[in-house]
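I have placed the structure first, in the form of structure tokens, so that the comments after it can refer back to it.
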Amino acid sequence: MNLPSLKIGDLIAKVPIIQGGMGIGVSLSKLASAVANEGGIGVISGVQIGFREKDFKINNDIANIRGLIKEIRKARELSPNGILGVNILSAVNNYKDMVKTAVKEKIDLIISGAGLPKQLPELVKGSNTKIAPIVSSSKAISVIAKIWDKRYKYIPDAVIVEGPYAGGHLGFSVQQLKSLKLPKLSDIVKEVIETLKPFEEKYKKKVPVIAAGGIYTGRDIAKFLKIGAAGVQMATRFVATEECDAHINFKNAYISAKEEDIQIVVSPLGMPGRAIRNEFIKSVEKGKQPINKCYRCLKHCSPASAPYCISDALINSVQGDIERGLVFVGTTAYRLKEITTVKKLINELVSEAEESLG
Ligand SMILES: Cc1cc2nc3c(=O)[nH]c(=O)nc-3n(C[C@H](O)[C@H](O)[C@H](O)COP(=O)(O)O)c2cc1C
């Protein structure tokens, strides 16, 4: 059976795979455009995207806006007809300006997690940009849908459901993540689909639900399509591609990671994260790391109490200084054995999924 396309309003992705946004700088124009060119949805990570700009440290907000414009334009040039999104964390201070900039640049889709993107419909009003919150529970989507319905007479164009096995920041408590009773992504997906039904009826609008976190093979993709998901979001597998925008050391850290090297870490964002155990994590465990310069990038982060500067830690790793950096990763990274191309990866996933769908 052919894989169904993923429809988000008038956007139609031939391949129902969204490449998850990966910050800082892991998914930029190169990776996003490669995925979009293969028929999936390529997502640029907006978080601290200006890190390569000369004035990044002194003019953080302006450098990020400039960086975002550059990456969107580059991606569009590389993929004139593909579907491109930007991932903008709700928790960042310059959220509104970043969203408005992406809309001005005619981005197809904005994906927002790490908090409730309560104002998002207002920020894209009058544009053709679609909006998709990331949630980790049916309760969270119920809150967002109710607020958007009441305030803006709008419901999400798509919803990403991120389960406990994802990479980066996670919408679960440390206790939950360390317990053996982790919620199952498939259960959360089913609950979110049910929660959205009355809203879909009211607005006569289909809201595709996309499963994310720990999805590794085409068989996994087929499994989520069978339970009603309209597609999947995958990130970890896209790191081990030639097109991934991270330094080769970052990609090699994934390839050499063993299962026991992948652990839960505290993050100044206030949510737990998943990362590869390295010298950096060991020093954080010993105590607070010095913070020389605060970018004021996050709404609820203070240099006085933060265990480390997450921006510096993520920038170090994406630029190849792995041992002094935080290497975010999904649970499946230890299964990666080699670097491939986006084309080969998507072809493999599609044929496995089609075979599995029968
Ligand atoms: C290196 C890395 C960085 C990430 N950064 C972000 C981010 O900036 N914003 C976000 O919403 N999700 C982020 N994520 C989560 C992914 O977008 C994705 O939803 C998740 O990792 C999917 O699970 P998988 O990696 O098992 O495929 C990140 C994941 C990784 C691996």
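Laboratory data are not the source of any read-out in this text; all were calculated from the coordinates shown. Bear in mind that the values here come from a model prediction, so they are computed numbers and not experimental data. Heads up, the Cβs are rebuilt from the backbone with ideal geometry, glycines too, and the neighbour counts pull from every protein chain shown.
Below, the figures for the structure above:
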| read-out | value |
| --- | --- |
| Region 308-358: trypsin sites (Lys or Arg not before Pro) in DSSP loop, at most 14 other beta carbons within 10 Å | LYS337 |
| Cα-projected label distance for LYS202 with ASN59, points at 7 Å along beta-carbon direction, nm | 4.4 |
| Given charges at Cβ of Lys, Arg, Asp, Glu: the chain dipole, positive-most of ALA145, VAL161, VAL239 | ALA145 |
| Residues MET271, MET98, MET1, MET22, sorted so that the one with the fewest Cβ neighbours within 10 Å comes first | MET1, MET271, MET98, MET22 |
| Top positive-direction residue, dipole computed over region 250-324 with Cβ charges, set ASN252, HIS300, ILE262 | HIS300 |
| Length-normalised contact order for region 250-324 - Cα pairs under 8 Å, 6+ apart - percent | 33 |
| Charged-residue dipole, Cβ positions (Lys, Arg, Asp, Glu), region 31-109 about Cα centre, Debye nearest 20 | 220 |
| Computed magnitude of the charge dipole of the chain (debye, nearest 20; Cβ of K, R +1, Cβ of D, E -1) | 960 |
| Relative contact order (%) - region 213-301, alpha-carbon pairs under 8 angstrom, separation at least six | 16 |
| Ranked HIS169, HIS300, HIS247, criterion: other C-beta atoms within 10 Å, fewest first | HIS300, HIS247, HIS169 |
| The chain, helix-only ellipticity at 222 nm - DSSP H runs n ≥ 4, -39,500 (n - 2.57), divided by all residues, nearest 500 | -11500 deg cm²/dmol |
| For ILE65, ILE134, order by how many other beta-carbon atoms lie within 10 Å, fewest first | ILE65, ILE134 |
| Charge sum, other residues only, whose C-beta stays under 15 Å from ARG76's C-beta, Lys/Arg counted +1 and Asp/Glu -1 | +2 |
| Fluctuation leader among ILE111, ILE310, ILE44 - the chain, Gaussian network, Cα springs under 10 angstrom | ILE310 |
| Chain lengthening between LYS343 and ASN249 when straightened (0.36 nm per residue, less Cα-Cα) | 31.7 nm |
| DSSP bridge orientation in the chain - percent antiparallel, rounded to nearest 5 | 30 |
| GLN175/ARG324 FRET efficiency (R0 41 Å; Cβ-Cβ; nearest 0.05) | 0.90 |
| Percent RCO, i.e. relative contact order, over the chain, from Cα pairs under 8 Å lying at least 6 residues apart | 18 |
| At least 15 Å along the helix axis (C-alpha) and Kyte average at least -1.0, DSSP helices within the chain | 60-78, 138-152, 185-203, 342-357 |
| Amide H contacts of ILE262 (H built 1.01 Å from N, under 5 Å, at least 5 apart or other chain) | ARG277 |
